[in-house]
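Nothing in this text is a laboratory measurement; each read-out follows from the coordinates by a stated rule. On a predicted model such as this, the values are computed, not experimentally measured, just so you know. Backbone-built Cβ (ideal geometry, glycine too); neighbour counts: all protein chains shown.
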Amino acid sequence: MNHILKIKDLTKCFGNKSVLDNLSIDIERNKSQVIIGGSGTGKSVLLKCILGLLEADSGEIYFNEQILDKKSRKETDFHSKVGMLFQGAALFDSLSVKENITFGISKIPNGNEDSLTDIAVDKLKKVGLDPSVLNLFPSELSGGMQKRVALARAIARNPELLFFDEPTTGLDPIMADIINDLINEVIEEVGATAITITHDMESARKIADQISMLYKGSLIWTGEASDIDNSGNPYVDQFINGNSYGPIKININD
């Protein structure tokens, strides 16, 4: 099987708290992998370790069969091959839509204003926005439009890997469904591998080829998205159905 990412025995602790516990997962190329789990289960820490924002205590990450560490990220220009849609869009308030979309590529040698504008316009069209918003600022956009601009920025470099951090958080159900459709469309058009972390099961079912669940820093189930409702795993069943009773215990005083 052709895997773009291989994660082996990844462990990360903060003080005495183990957030990732010998986690291993393989990400298949050109597929949409969704990782579910409650707050504090290690989803965001896993993404940050892959991106190099955090350094794991032990374990290995491989990208295209090459070990991914500080040196290789720099030598292979790993971050130019990655697009990220942050939770809450995370647009730069002081930059226009065009500047936000092209922020990660504006320092490319010989890049001129016309080429950057063309890129921004092309990506806006891909996320269903009119070029007339090019010179607007984030404060002039609705929440749904901000999310679309953030998606346009994520695909600006035609990345091999796309990361989505809770992509539907803060959106009403209709806009969330529109964003899910857009995610599916851009994944297919860009030809990228997608990794999404979310607790939104409607979104997970719609955008995933495969779903994995983390619990207490460990992978407890992985399978085809179509099999999630028949996982046979009581932890998965409790989570996807939103039941307060089950093996997952929540301390409401935390």
query: What's the extension gain from GLU202 to ARG73 if we count 0.36 nm per residue and subtract their Cα-Cα distance?
result: 43.0 nm
Gained length - ASP93 relative to LYS17, 0.36 nm times residue gap less alpha-carbon distance: 23.8 nm
- prompt: GNM on the chain, C-alpha springs below 10 Å: top fluctuator among ILE67, ILE155, ILE36?
  reply: ILE67
query: Is any helix in the chain, taking whole DSSP H runs, at least 18 angstrom long along its axis by alpha carbon and on average at least -0.5 on the Kyte-Doolittle scale, and which ones?
result: 173-190
- prompt: In whole angstrom, how far apart do the alpha carbon centroids of the range 1-74 and the range 181-254 sit?
  reply: 17 Å
- request: For the pairs LYS12/LYS125; LYS81/LYS125; LYS81/LYS206; LYS126/LYS216; LYS74/LYS126, note any where the Cα-Cα span goes beyond 32 Å.
  value: LYS12/LYS125; LYS126/LYS216
query: In the range 97-254, what % of DSSP beta bridges are antiparallel (nearest 5)?
result: 55 percent
message: If I model a spin label as a point 7 Å beyond the Cα along the Cα-Cβ vector, how far apart are those points for THR169 and GLN66 in nm?
response: 3.2 nm
query: What order, most packed first, do the peptides 196-205, 14-23 have when packing is the mean number of other Cβ atoms within 10 Å of each residue?
result: 196-205, 14-23
- request: Give the relative contact order (percent, whole number) for the chain; include only Cα pairs under 8 Å separated by 6+ residues.
  value: 25 percent
- prompt: How high is the FRET efficiency from SER24 to ASN135, r the C-beta distance, R0 51 Å, rounded to 0.05?
  reply: 0.65
message: With an 8 Å Cα cut-off and a minimum separation of 6 or more residues, compute the relative contact order for the range 1-112 in percent.
response: 25 percent
- prompt: For the range 53-158, what is the largest minus smallest coordinate of the Cα atoms on each principal axis, given in angstrom and ordered from greatest to least?
  reply: 47, 32, 23
Ellipticity estimate at 222 nm from DSSP helix runs (n ≥ 4, -39,500 (n - 2.57)) divided over the chain, nearest 500: -9000 deg cm²/dmol
